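One structure is given below, encoded as structure tokens.
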């Protein structure tokens, strides 16, 4: 049994290392692309089968966003970002319950001993992936803020020379934006990595029946973490919109 904090390389393309988490990220993207392609070919006025499931997910997500914003028009504006993050993160989180976690891979020599490098590892258990999603989330928040207030008004939120207190508050606001990236990425990474380690150890020690409660727990945790990530992003987006209304 091998537990690594960093994602393990599976193969290399030139000097570029393709890790197991990157491989799983590509798998999720390919899966979503195939679903969209199949759905696009068989769109019907009266949904059934796959279209029915996808429309249900879209409707529930849109209702959830509207429950936070209180505005259907604004909910539709935020929907592409929030839905994309939620669907990618929850699928990534749930990869850790796929059979073969930590047991299917390739054997490699490492410091004189053979270790198993697993193919299946949740992309959310890689800090690089969660950091990338966090950066996208926070940059998007800034984009919506600029779109709402304008470049100079929004910059005035961070750079304010009206007085020493206003200047200090602006610096704190700037620090808080950077802190969001750290908070988003480490919260998701820490919870999913810890769950993956727990499942790997339990499956290694007691491979039958005993891991079932832990698998159901991780399904719940994976959903909650995806929901929390999106909820926080949505709240920060809403704050920018409220600021826009107050300035008008």
Residue among 132, 148 that is touching a residue at least 60 places away in the same chain (Cβ under 8 Å), touching a helix residue (DSSP H, G or I) at 6+ places or on another chain (Cβ under 9 Å) and in a helix (DSSP H, G or I) = 148
For the range 208-238, which residues satisfy the criterion of being in a helix (DSSP H, G or I) and modelled with pLDDT under 85?
-> 211, 212, 213, 214, 215
With the condition kept exactly as written, say whether any residue in the range 9-18 is in contact (Cβ under 8 Å) with a residue 40 or more places away in the chain and crowded, with 18+ Cβ neighbours inside 10 Å.
-> yes
Residues being under 26 Å from residue 5 (Cα atoms), at pLDDT below 80 and loosely packed, with under 14 Cβ neighbours inside 10 Å - total across the range 156-207 = 4
Candidates 241, 200, filtered to the one that is assigned to a helix (DSSP H, G or I), touching a residue at least 12 places away in the same chain (Cβ under 8 Å) and in contact with a strand residue (DSSP E or B) (Cβ under 9 Å, 6 or more places away or on another chain) = 200
Hits in the range 160-181 (condition: in a helix (DSSP H, G or I) and in contact with a helix residue (DSSP H, G or I) (Cβ under 8 Å, 6 or more places away or on another chain)) = 177, 180, 181
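The values are calculated or read from the model by the stated rules, or taken from the named source; none is laboratory data. Note that the coordinates shown come from a computational prediction; the quantities given were computed from them, not determined experimentally. Cβ atoms come from the backbone with ideal geometry, glycine included; neighbour counts cover every protein chain shown.
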